[in-house]
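Notes to accompany the following structure.
The values are calculated or read from the model by the stated rules, or taken from the named source; none is laboratory data. On a predicted model such as this, the values are computed, not experimentally measured, just so you know. Cβ atoms come from the backbone with ideal geometry, glycine included; neighbour counts cover every protein chain shown. Areas reflect the complete protein model, heavy atoms only, side chains present, ligands, DNA and RNA absent. Shrake-Rupley method; radii C 1.70, N 1.55, O 1.52, S 1.80 Å.
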Amino acid sequence: MPSPSDVSLPFPAAAVRAAKGSPWQAWQVEPAGNGKNGKNGKGPTLASFNPGDKPFSVGNKSTDQAALLSLAQEIDQLQNLFYADGRHKLLVVLQGTDTSGKDGTVRGVFSQTSPLGVHTVGWKAPTEPERAHDYLWRIHQQMPAAGHITVFNRSHYEDVLVPVVNQWITPEQTRQRYAHINDFERLLAETGTVILKCMLHIGFDEQRERLQERVDDPDKHWKFSLGDLDVRKQWPDYQRAYEDLLGATSTPWAPWTVVPANSKTHRNLMIATLVRDTLKALNLRFPPEDTALKGLRIE
């Protein structure tokens with residue numbers, strides 16, 4: 001894998017890398033291959049991240065909600081400038097187990113932004129035409145254009161989770177896919193796409209409560225499938241699969257951030273803060289003024 005010095009990014013590294021000593025740093029997975037990921041440098045352990053922590057909380061729930069609204073409004077202003085600037089693209093990846101809150105994050109973080117500049121893609125099982133191509137083919141088509149923000153609800157990382165847990169691909173094929181994804185994201189980053197990857201981390205008991213809520217509330221039955229219970233039985237396997245992908249695909253150009261998500265409000269607050277800080281780190285600017293407009297008077 002290339003070292004950080006081999007990668008030439010057309011945007012400040014601060015847009016994707018946490019500043020030393022910041023609350024973000026403790027939750028960002030060190031780039032693969034640097035010997036700092038978990039035991040023997042093999043990768044992080046999710047047990048070392050407490051899903052109940054609230055490192056970005058500014059007080060109680062009501063003050064956190066007020067802070068979130070303020071951040072959402074600030075993101076709207078920055079998104080307008082981001083669009084006008086037009087030099088970069090932003091891809092926000094939301095990955096997590098069932099009930100981790102991907103839908104709620106989209107609603108909470110981007111509640112104030114214009115739909116003209118923010119596009120959300122909810123990934124499902126591939127269609128027949130998509131299966132006829134390589135597994136990244138459909139992903140590449142949904143990348144943000146210059147000046148746009150795209151949010152992935154699930155992502156290409158499903159292709160190193162579901163097939164791995166169900167043993168549809170071999171360990172060698174899994175390692176090959178890690179390499180494919182790293183190279184793919186490096187291509188995106190080096191051509192101006194800022195990639196912010198968030199793993200929404202909830203606990204086993206918290207997932208049980210959220211699934212039970214869907215069963216007990218008729219208005220939420222549409223969110224529940226009996227297949228969710230089969231996947232829940234594979235919880236340890238999915239946790240290991242997540243640990244492996246975090247260790248293998250957290251790179252200098254697209255590192256992973258683990259987001260403690262037992263608290264829905266805190267989850268949204270933390271991700272909103274990261275999105276805001278990422279946009280601010282890009283040193284956005286409006287295009288140069290058109291000199292032809294100077295002194296122009298509309299009759």
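Any residue at all in the stretch 255-268 that is free of Cβ contacts under 8 Å to residues at least 24 places away in the same chain and not in a strand (DSSP E or B)? Among the residues of the stretch 255-268, not one is free of Cβ contacts under 8 Å to residues at least 24 places away in the same chain and not in a strand (DSSP E or B), which makes the answer no. Only one of the numbered conditions (1) open to solvent by less than 50 Å² (accessible area, probe 1.4 Å); (2) touching a His at 6+ places or on another chain (Cβ under 7 Å) is not met by residue 119, and that is (1).
The set of residues in the stretch 107-155 that are free of Cβ contacts under 8 Å to residues at least 60 places away in the same chain, of a type in the set (Gly, Ala, Ser) and closer than 14 Å to residue 92 by Cα comprises 117, 122, 145. Selection over the stretch 98-116 of residues that are within 27 Å of residue 234 (Cα to Cα) and open to solvent by 20 Å² or more (accessible area, probe 1.4 Å) gives a count of 3.
This table checks each residue for (1) modelled with pLDDT of 95 or more; (2) touching a helix residue (DSSP H, G or I) at 6+ places or on another chain (Cβ under 7 Å); (3) closer than 27 Å to residue 9 by Cβ.
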position: 98; (1), (2), (3): no, yes, no
position: 104; (1), (2), (3): yes, yes, no
position: 117; (1), (2), (3): no, yes, yes
position: 124; (1), (2), (3): no, no, no
position: 140; (1), (2), (3): yes, no, yes
position: 146; (1), (2), (3): yes, no, yes
position: 151; (1), (2), (3): yes, yes, yes
position: 156; (1), (2), (3): yes, yes, yes
position: 181; (1), (2), (3): yes, yes, yes
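Summed over the stretch 215-249, residues that are without any contact (Cβ under 8 Å) to a residue 24 or more places away in the chain and not small (Gly, Ala, Ser) total 16. Annotation note: Cβ proximity below 6 Å between a residue of the stretch 58-71 that is farther than 14 Å from residue 264 by Cα and a residue that is open to solvent by less than 70 Å² (accessible area, probe 1.4 Å) and of a type in the set (Lys, Arg) (sequence gap 6+ or interchain) occurs for 71/276. Exactly one residue out of 252, 288 is free of Cβ contacts under 8 Å to residues at least 60 places away in the same chain and in a loop (DSSP other than H, G, I, E, B): that is 288.
Comparison of 90, 71 shows that the only residue that is open to solvent by 10 Å² or more (accessible area, probe 1.4 Å) and either among the charged types (D, E, K, R) or within 19 Å of residue 277 (Cβ to Cβ) (or both) is 71.
For the stretch 171-229, what are the residues that are among the hydroxyl-bearing types (Ser, Thr, Tyr), closer than 30 Å to residue 85 by Cα and either in a helix (DSSP H, G or I) or open to solvent by less than 50 Å² (accessible area, probe 1.4 Å) (or both)? Walk me through how you get there before you give the answer.
Kept after step one, since they are among the hydroxyl-bearing types (Ser, Thr, Tyr), are these residues of the stretch 171-229: 174, 178, 191, 193, 225.
Now restrict to residues that are closer than 30 Å to residue 85 by Cα: 191, 193.
Result: 193, single match.
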